[in-house]
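Just below is one structure, and these are the notes that go with it.
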Amino acid sequence: MRPFEGRRVLLGVTGGIASYKTAWLARLLAQAGAEVDVVLTKSAREFIGAVTFEALTGRPVHTELIAEGHALDHIKLARGASLMVVAPATADFLSRAAAGRSDDLLSACLLAASAPVLLVPAMNDRMWAHRATQENVAHLRSLGYTVLDPEAGPLASPHEGSGPGRMPEPERILAHVGRMLEAREALAGRRVLVTAGPTREALDPVRFLSNHSSGKMGVAIAEAAWRRGADVTLVAGPLSIVPPPDVRIVHVESTEQMAAAVRAELPNADVLVMAAAPADFRAKKVADGKIKKAQRPDSIALENTDDILATTLDARKKGAVIVGFALETDDVLKHAREKLAAKKLDLIVVNDAREAGAGFGVDTNRVTILSATAEPAELPLLSKHDTADAILDRVQEILNGR
Ligand SMILES: Cc1cc2nc3c(=O)[nH]c(=O)nc-3n(C[C@H](O)[C@H](O)[C@H](O)COP(=O)(O)O)c2cc1C
């Protein structure tokens, strides 16, 4: 089943230059299974044709508030919609929406809608920075609408230069739509802390000890928790992939820094998922200068780094769900069971480093989830995204039971 099957999205388009990108958004929504009803303002029709949206959505496009045969379109369109999105939302539309106007079809739909609303402003950077626009946005947020901040970057015309005002790419808007459709019954209002990636332990100013972790599993968990409505913080070592745009990121380098970041964030977290692969050893003494080739030491004395889960036991919020990961090569389940008990975890996600398609760098994983109370759940080979969802399903069950 496609993710938005059975959902009807009311997509408003206003007269901004970014409206050309909304054609792609309409297509993405339709591909995801949504029924998409498009409403164009009068100005939007100067930028992009109704026929384009009609062809992409397979449904009639709406433009008039007062027209024969279309009386009460605004009520019919708004009623029963799962979500209303306005992209791009012009400065003018934001001001009409903030004032509660209803003298065009789209503003009237907004007033008549009872579904969640996502507004995606896009405009010249000075128009966005103007106090009038900022006050309208603050007011619209206070009414419960989700208003995305525009992105910084080159604006439409070469004369405009660069600044905050660009409409986010359709794929990013689609992610927000998914989150708003999904978030209602899932992790909305929960704070989820995720660690991801490797850490690095310096040997000298230019060399370090680390491991092959890419951060893919932790990033997939952060994204999945965000999609379920959680307020997500990702404590990230040096990742090999681009981190998700809408989660808060705390960048760290060493295991000690990662432990400190977790300790600082943990008292507020409802869930901690430790998907990082922190370095277990560090040099007893980091050389002040670069170790020269000619001075190659025969050995480098190492010591253990802090065990993050052990050093953060005290900082755990009462009732928080703690999930650890274990990458083992021998006696996989036995070692994982010991770790589960020793570190007082609710769940431990185990994989065998030697199994094909699981572990570092790849997009798939095959894990077994152990819990203190239930039978082990052996999952098949799944994408890291599906693995993340399976883990969060169990986290939610535990949270709901507390
Ligand atoms: C070429 C051109 C580009 C425009 N781009 C934007 C824009 O990106 N954002 C914006 O807020 N207004 C933009 N405007 C101004 C709006 O079109 C104008 O405020 C209009 O009244 C908006 O009407 P609507 O909100 O009903 O669609 C642009 C105008 C022109 C002529």
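Of the residues that make up segment 174-196, is at least one crowded, with 24+ Cβ neighbours inside 10 Å, away from the ligand (no atom under 16 Å from the Cβ) and either among the charged types (D, E, K, R) or farther than 30 Å from ALA279 by Cα (or both)?
yes
Which residue is surrounded by the fewest Cβ atoms within 10 Å (Cβ to Cβ), if the candidates are limited to segment 102-134 and must be closer than 26 Å to PRO245 by Cβ and more than 13 Å from the ligand (Cβ to nearest atom)?
Taking the candidates together, the pick is GLN134.
In segment 30-82, what residues are hydrophobic (A, V, I, L, M, F, W, C), part of a loop (DSSP other than H, G, I, E, B) and at pLDDT 90 or above?
ALA32, ALA34, ILE48, VAL61, ALA81
Output the number of residues of segment 78-101 satisfying the condition of being closer than 14 Å to VAL147 by Cα and either out of contact with any Asp or Glu (no Cβ under 9 Å at 6 or more places or on another chain) or within 8 Å of the ligand (Cβ to nearest atom) (or both).
Count: 13.
Based on this model, can you work out whether LEU327 counts as out of contact with any Lys or Arg (no Cβ under 7 Å at 6 or more places or on another chain) and at pLDDT 80 or above?
So LEU327 fits the description; yes.
Take segment 7-29 and flag every residue that is more than 24 Å from ALA108 (Cβ to Cβ), away from the ligand (no atom under 16 Å from the Cβ) and either assigned to a loop (DSSP other than H, G, I, E, B) or of a type in the set (A, V, I, L, M, F, W, C) (or both). Lay out the reasoning, then the answer.
Start the filter on segment 7-29 by keeping residues that are more than 24 Å from ALA108 (Cβ to Cβ), which leaves 17, 20-21, 24, 27-28.
If we keep only those that are away from the ligand (no atom under 16 Å from the Cβ) too, we end up with 24, 27-28.
TRP24, LEU28 - these are the residues of segment 7-29 that are more than 24 Å from ALA108 (Cβ to Cβ), away from the ligand (no atom under 16 Å from the Cβ) and either assigned to a loop (DSSP other than H, G, I, E, B) or of a type in the set (A, V, I, L, M, F, W, C) (or both).
Which condition number does LEU143 fail, the rest of (1) aliphatic (A, V, I, L, M); (2) under 30 Å from ILE66 (Cα atoms); (3) surrounded by 19 or more Cβ atoms within 10 Å (Cβ to Cβ) being met?
Single failed check for LEU143: (3).
The rows are residues; the columns are (1) among the β-branched types (Val, Ile, Thr); (2) farther than 16 Å from ILE391 by Cβ.
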position: ARG191; (1), (2): no, yes
position: ALA202; (1), (2): no, yes
position: SER213; (1), (2): no, yes
position: LYS216; (1), (2): no, no
position: GLY229; (1), (2): no, yes
position: PRO238; (1), (2): no, yes
position: ILE249; (1), (2): yes, yes
position: THR255; (1), (2): yes, yes
position: LEU272; (1), (2): no, no
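Being surrounded by fewer than 20 Cβ atoms within 10 Å (Cβ to Cβ), touching a residue at least 24 places away in the same chain (Cβ under 8 Å) and out of contact with any Pro (no Cβ under 8 Å at 6 or more places or on another chain) is the requirement here; does ALA67 meet it?
no
If you scan segment 272-295, which residues turn out to be surrounded by fewer than 22 Cβ atoms within 10 Å (Cβ to Cβ) and not in a loop (DSSP other than H, G, I, E, B)?
If the condition is that a residue be surrounded by fewer than 22 Cβ atoms within 10 Å (Cβ to Cβ) and not in a loop (DSSP other than H, G, I, E, B), then PHE281, ALA283, LYS293, ALA294, GLN295 are the ones that fit.
The values are calculated or read from the model by the stated rules, or taken from the named source; none is laboratory data. Owing to the predicted nature of the structure, the values given are computational and were not obtained by experimental measurement. Every residue, glycine among them, receives a Cβ derived from its backbone with ideal geometry; neighbour counts consider all protein chains shown.
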